[in-house]
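For reference, the structure discussed in these notes is given below.
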Amino acid sequence: LGGHHGANTLARTLAAVTGGHAALTTAGDIGLGITLDNPPPGWRITNSPRTKGVAAALLAGDPVSLRVEAGDAAWLMESGLSFLDGADGIRITDRAITAEDPALVFHPPVLVVGIGCERGADATEVIDLVEKTLADAGLAPSAVACGVSVDVKADEAAVHAAAAHLGVPARFFTPARQARRLRL
């Protein structure tokens with residue numbers, strides 16, 4: 001199947017269902033017990049070409065740093081791997097990065113984008129506004145977990161288009177439910 005980007009997980013699932021055995025040959029799974037290019041659901045790798053270098057360093061026993069700025073990195077922390085503090089290596093953040101960022105960057109699904117608009121709003125305008133708002137705040141669109149709006153906008157195409165553009169679900173809440181959440 002090829003071991004990267006979730007194929008080993010699929011092989012394990014098929015083996016469990018069929019009573020077979022998954023033959024895993026990828027160095028990360030065998031040597032590290034984890035594949036860096038298959039993060040938990042909702043997580044996104046921003047600069048996946050850096051995965052190979054970080055995995056190679058870990059396999060060689062070279063020091064690799066882990067900097068957690070946002071989200072729960074338990075899947076890495078509990079992997080048994082040893083990490084150092086520092087800027088390079090692996091960075092977990094909700095912040096936007098530049099192409100020059102030397103770390104392998106993971107974006108956990110920790111942001112929620114509130115989307116409001118007039119009836120019949122142009123989807124492109126709403127998408128542009130969401131992108132601009134995230135950029136102005138220095139936040140990564142790939143760290144967005146969902147787009148939310150008030151329930152009366154559940155049929156608003158522009159809200160759904162903005163969520164789809166980000167690759168996340170749209171969720172809708174009543175004003176009363178939202179007020180209860182804010183009081184917590």
- Residue ID - modelled with the highest pLDDT, chosen from residues in the range 85-142 that are among the basic types (Lys, Arg) and farther than 18 Å from residue 71 by Cα: 132
- For the range 83-93 the number of residues that are open to solvent by 30 Å² or more (accessible area, probe 1.4 Å) and assigned to a loop (DSSP other than H, G, I, E, B) is 5
- Query: Which residue out of 71, 80 is assigned to a loop (DSSP other than H, G, I, E, B), closer than 27 Å to residue 168 by Cα and open to solvent by 30 Å² or more (accessible area, probe 1.4 Å)?
  - Reply: 71
- Message: Only one of 159, 105 is of a type in the set (Val, Ile, Thr) and over 24 Å from residue 57 (Cβ atoms). Can you tell me which?
- Response: 159
- Message: Considering only residues that are at pLDDT below 80, open to solvent by 70 Å² or more (accessible area, probe 1.4 Å) and hydroxyl-bearing (Ser, Thr, Tyr), which ones fall in the range 18-59?
- Response: 25
- Query: Counting only residues that are open to solvent by 40 Å² or more (accessible area, probe 1.4 Å), in a loop (DSSP other than H, G, I, E, B) and touching a strand residue (DSSP E or B) at 6+ places or on another chain (Cβ under 8 Å), how many does the range 104-135 have?
  - Reply: 3
- Message: So, residue 65, is that one in contact with a Cys (Cβ under 9 Å, 6 or more places away or on another chain) and either aromatic (Phe, Trp, Tyr) or open to solvent by less than 20 Å² (accessible area, probe 1.4 Å) (or both) or not?
- Response: no
- Item | residue 15 at pLDDT below 80, assigned to a helix (DSSP H, G or I) and surrounded by 13 or more Cβ atoms within 10 Å (Cβ to Cβ) | yes
- Message: Under 6 Å between Cβ atoms, which residue pairs at least 6 apart in sequence (or on different chains) link something in the range 39-63 that is without any contact (Cβ under 8 Å) to a residue 24 or more places away in the chain with a partner that is open to solvent by 70 Å² or more (accessible area, probe 1.4 Å) and small (Gly, Ala, Ser)?
- Response: none
- Query: Which of the residues spanning the range 136-176 are among the polar types (S, T, N, Q), over 15 Å from the mean Cα position of the chain (by Cα) and either closer than 20 Å to residue 39 by Cα or open to solvent by 50 Å² or more (accessible area, probe 1.4 Å) (or both)?
  - Reply: 174
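The values are calculated or read from the model by the stated rules, or taken from the named source; none is laboratory data. None of the values given here were measured: they were computed from a predicted structure. Reconstructed Cβ throughout: ideal geometry from the backbone, glycine too, with neighbour counts over all protein chains shown. The accessibility values were calculated without ligands, DNA or RNA, using every heavy atom of the protein model including side chains. Shrake-Rupley method; radii C 1.70, N 1.55, O 1.52, S 1.80 Å.
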